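Report on the following structure.
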Amino acid sequence: MNGDFLETAGYVAANRFGYGPRPGEIDVISKDPKAWLKDQLETIDQIPLAMQNLPASQTMLVKEGAWRQERRAMARSADGQTLMDRQRNNRRESIRLSREQLRTRLQVAIETEQPFAERLLRFWSNHFTVAVSGGQKAVLRTIAVPYENEAIRSNLAADFTSMLMAVEQHPAMLIYLDNDNSIGPNSDIGRRRDRGLNENLAREILELHTLSVKGGYTQTDVTSLAKMITGWTVTWQRSNRPRAGNQNPGKFRFTQPMHEPGTHVLMGKNYRGNGVRQGENALKFLAQHPATARHVATKLVTHFVADEPPLAAIARIENVFIESGGSLPAIHEALVDLDEAWQPQFKKLKTPEEYIVSIARAMSTNSSDGRDLRAYNSMSQALTGFNQVPFTANSPAGWPDDADHWGSPDALLKRIEWANEIAEHSSNRLNPLDLYAAIMPENEQLKLAITRAESRNQGLALLFASPDFQWR
Amino acid sequence: MRADKQREVNYKRRQLLKSLVAIPLVSSLSMIPSLSFAAYAASGDKRFILVILRGAMDGLAAVAPYGDPALTGLRGSLLPAENELHKLDSFFGLHPSFSNLFNLYQESELAICHAVASPYRQRSHFDGQNVLEIGLDGPDQAESGWLNRCVPLIGQSNRKNTNASPAMAIGPAVPAVLLGDAEVGSWAPAILPVPSDSTMARLQRLYSEDEFLGAKLEQALLARDMVGENSMNRSRRPGQNFNVMIDATAKFMSQEHGPAIAVMESSGWDTHANQGATQGQLARKFTELDEGLARLKRGLGTSWNNTVVVVVTEFGRTAAVNGTQGTDHGTAGVAFLLGGSVNGGKVLGQWPGLASGNLFQGRDLRPTTDMRSLFKTVLRDHLGTEMNKIDSIVFPASSAAAYLDGLV
């Protein structure tokens, strides 16, 4: 690699593929930026230390199952006040836990030495979005972060088919998109009760997770897939009956009495009734379909390179997807090897989460410092102000990925205000000119503005609120 | 960047630099404008507010065709009792939650269009919303929204003194209907203090060099200048509170130099499970919408007389209940038109009927009015946009969508 390339490549690696540099990191990265990125792929599926003690989704689901049983009993016997008090306490506890989970997740992004791994996790987690809502689905609040680790992170070094299967069989996704209650009209239960098919998950599998709207499926295919995944549900409690299948509560369970019997046709192919394998075979077909490769490649290049993704880059990733059979390590490496990724004229507007984390990294925010622990709280809350609280996207399509959305006039002004607040409160430790030199590529105008600032506070505010700091 | 867009951006940059001198910078001690500002809006300038309900609002629940014999068989458990509906005539009834809308109907300030849909016939939310907002007959056929294309066509006599765009998005992001070459404003509640004048001035100089972000910042400051910092607007959950958005829209639209066009959004309409009937999930959303629109009318004051509000959704929902006491994505639905300028008190459109032979693809309400007809009519008859410009620039290739007479 020549010197000119290395000049900016370090910044490109840190910003495009990471969350921005911590001071001092650019020197390390610049020695071999591509290697720095590819090395991170080795340990990409390891759960970070800080998250290892968080409860698994199964634990939370079993708790929820026990609570639902107790609530039914209480509804019959206890007074309304006691029930309401318990509900309120449960809700408070679940909110407390979810806040802790989100804080830890943010902390990992801020402190990690493998930011590329975290960025890839966010990408796939957004592709397979799960979002929290209330009512019957309130349990999603405390299983969203575990879902991200269990279904997504642990498959980042595997292949797309494995991740797809893990996602569509995870209780979080089944609950989020109403498949846990979807019943085949001709199944045992369907014929006895007045409940039936719900197409929500099947539709989003086709439209969002695999083929995309251009993939050539029809309404009939949606219904067909929905039938094939009836019975894909969650066990809430251990059954008392010894022969019953639900001996492992809080997990995915295939429930034959809910399953629509018979052969179903998807995109012209027959899938014979074969228990859980019927739906699994359909998913495998979808995972390997060329339209899926095209869809995923387009999203990856859009996310990492530009809002208007260069077609040649999409084609390259698509080819790697197809030729490697959807190998995620191969796909992720191919991203690093894209020529376009190293050309600075392609840039993306940072999302609020990316923006907040890049500022925290620039300031070397660190969980071993008491002041910084409070800073983590305020950063988590800042995401509320920016409308990007994790797992609250408005739809299964997840967070948008373009400057038109995140760069509205109002949103931009809010970033500036927030950066200014941060600078006002923390700049005594930091010399903005030194910081500029450590984290930004050469920019005479910005350097001059910082030099001429009235105070260190203002200099720092100018750095973080500058237009150049908004892009990656 | 395209050459014409570059030229436009350069123009904006010069304007921004000029405005550093002309327009006072935002101060953290701005006076809180009181609602008496509404008294200024006697200018006679027409206002248009578009409310987009995202998630496919169930039109058959909102305005039940109780006179249709097939309804009970299809909707059974999801239907309110007939005597709970607000009867509009011998055939249609508003959902019980819509008491304020019912009053507006009786005062001829609400018109309802039933069995209306955009040209889109698939059932993807995202493509459906895209078609609704881009204004063509299929998804992803243009980069700009139809309201953005209107911006250069709006003639406003009292707007010579301001750079602020005549169109605004109320909420944290600009929706696709307002995206395009014309700059538009956006506003959402503030929760942090503004930076000092000195910092803002320095930042504006830095931003003048960034084509994309510089124009955004200018619009934001102009909007902020219009309302000032206001503790009423502080919200711990900006973007979540429908009433805060309603209040802001009312404030902006009732100002003399305020925007002519505003767009608001509401989501949470995708009721696949446990939708409820007289009570329940959907009823709560209806109440929120009903009370919000009433609040909007109050907030607009005399401006209400010059205002048309159109409430739309990307498509309706299935005629029959699904297996989880909800409904799935459908086709035709309902649109509301309200405002002092509306010729209300009627239900527009041809009712296609709910007998199974009349359903679209055997499952959805069949559309008999094109959504674009509503939009085109409002633009021509309320905002005074020239018909040939509407048909060539705003809604090209929309001859299938006829203008409606006597709407406003």
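The values are calculated or read from the model by the stated rules, or taken from the named source; none is laboratory data. Every value quoted in this text rests on a predicted model; they were computed, and no experiment measured them. Here Cβ is always computed from backbone atoms with ideal geometry, including for glycine, and neighbour counts include all displayed protein chains. The accessibility values were calculated without ligands, DNA or RNA, using every heavy atom of the protein model including side chains. Shrake-Rupley method; radii C 1.70, N 1.55, O 1.52, S 1.80 Å.
Cross-linked pairs A:Lys38/A:Lys350; A:Lys31/B:Lys216; A:Lys227/A:Lys350: Cα-Cα separations exceed 32 Å for A:Lys31/B:Lys216; A:Lys227/A:Lys350. Charged neighbours of A:Glu444, selected by a Cβ distance under 14 Å, balance to 0 (K, R count +1; D, E count -1).
Is the C-alpha gyration tensor of chain A telling us rounded, prolate or oblate? Criteria: a/c under 1.5 is rounded; beyond that, a/b larger than b/c is prolate, otherwise oblate. Before the final figure, lay out the partial values.
On the way: a/c = 2.45, a/b = 1.49, b/c = 1.65.
It comes out oblate by the Cα gyration axes.
Here the label points at A:Lys214 and B:Glu82, each 7 Å from Cα along the C-beta direction, are separated by 5.1 nm in the simple model. Take every DSSP beta bridge with both residues inside the protein assembly as shown and express the antiparallel ones as a percent of the total, to the nearest 5. Of the beta bridges lying entirely in the protein assembly as shown, close to 50 percent run antiparallel. Relative to the longest principal axis of the Cα atoms of chain A, helix A:370-385 runs at roughly 70 degrees. Split the accessible area of the range A:129-258 by element, probe 1.4 Å, and carbon with sulfur accounts for 45%.
The slack in the chain from A:Asn89 to A:Arg272, taken as 0.36 nm per residue of separation less the alpha-carbon distance, amounts to 61.1 nm.
For the range A:291-356, the Kirkwood hydrodynamic radius comes to 12.1 Å, computed from all pairs of different C-alpha atoms. With a 10 Å cut-off around each Cβ of A:431-444, the average count of Cβ atoms from other chains is 0. How would you classify the protein assembly as shown from its alpha-carbon gyration tensor, with a ≥ b ≥ c the square roots of the eigenvalues: rounded for a/c under 1.5, else prolate if a/b is greater than b/c, otherwise oblate? It is oblate, given that a/c is not under 1.5 and a/b is not larger than b/c. Given R₀ = 56 Å, what would the calculated FRET efficiency be for A:Glu333 paired with B:Asp89, taking r from the Cβ atoms and rounding to 0.05? That pair, A:Glu333 with B:Asp89, gives E of 0.25.
The A-B contact accounts for roughly 4500 square angstrom of buried accessible surface, both chains included, probe 1.4 angstrom.
Over all residues in B:212-224, what is the mean tally of Cβ atoms on other chains that come within 10 Å of each residue's Cβ? It would help to have the intermediate numbers written out before the result.
Details: counts 8, 11, 2, 2, 10, 6, 1, 5, 8, 2, 1, 3, 3.
Mean number of neighbouring Cβ atoms from other chains: 5.
For the peptides A:84-93, A:55-64, the ranking by packing is A:55-64, A:84-93, with the highest mean count of neighbouring Cβ atoms within 10 Å listed first.
Using helices alone, I'd like the mean residue ellipticity at 222 nm for chain A: each DSSP H run of four-plus residues gives -39500 (n - 2.57), total over residue count, nearest 500. If you can, show how the numbers build up before the last one.
Numbers: 24 runs with 265 residues, N = 472.
That calculation yields -17000 deg cm²/dmol at 222 nm.
Using DSSP to call loops (not H, G, I, E or B), can you name the GluC sites (Glu not before Pro) in the range A:431-472 whose Cβ has at most 12 other Cβ atoms within 10 angstrom? Loop-located and lightly packed - A:Glu442, A:Glu454. All other residues whose Cβ lies under 13 angstrom from that of B:Ala332 are scored, Lys and Arg at +1 and Asp and Glu at -1, for a net of +1. Rolling a 1.4 angstrom probe over the protein heavy atoms with all chains in place gives the range A:72-111 an accessible area of 63 Å² per residue. Under the classification rounded if a/c is under 1.5, otherwise prolate if a/b is larger than b/c and oblate if not, where does the range A:155-270 fall, given a ≥ b ≥ c as square roots of the Cα gyration tensor eigenvalues? Oblate. Expressed as a whole percent, the accessible area of the range A:273-358 that falls on carbon and sulfur atoms is 51 (1.4 Å probe).
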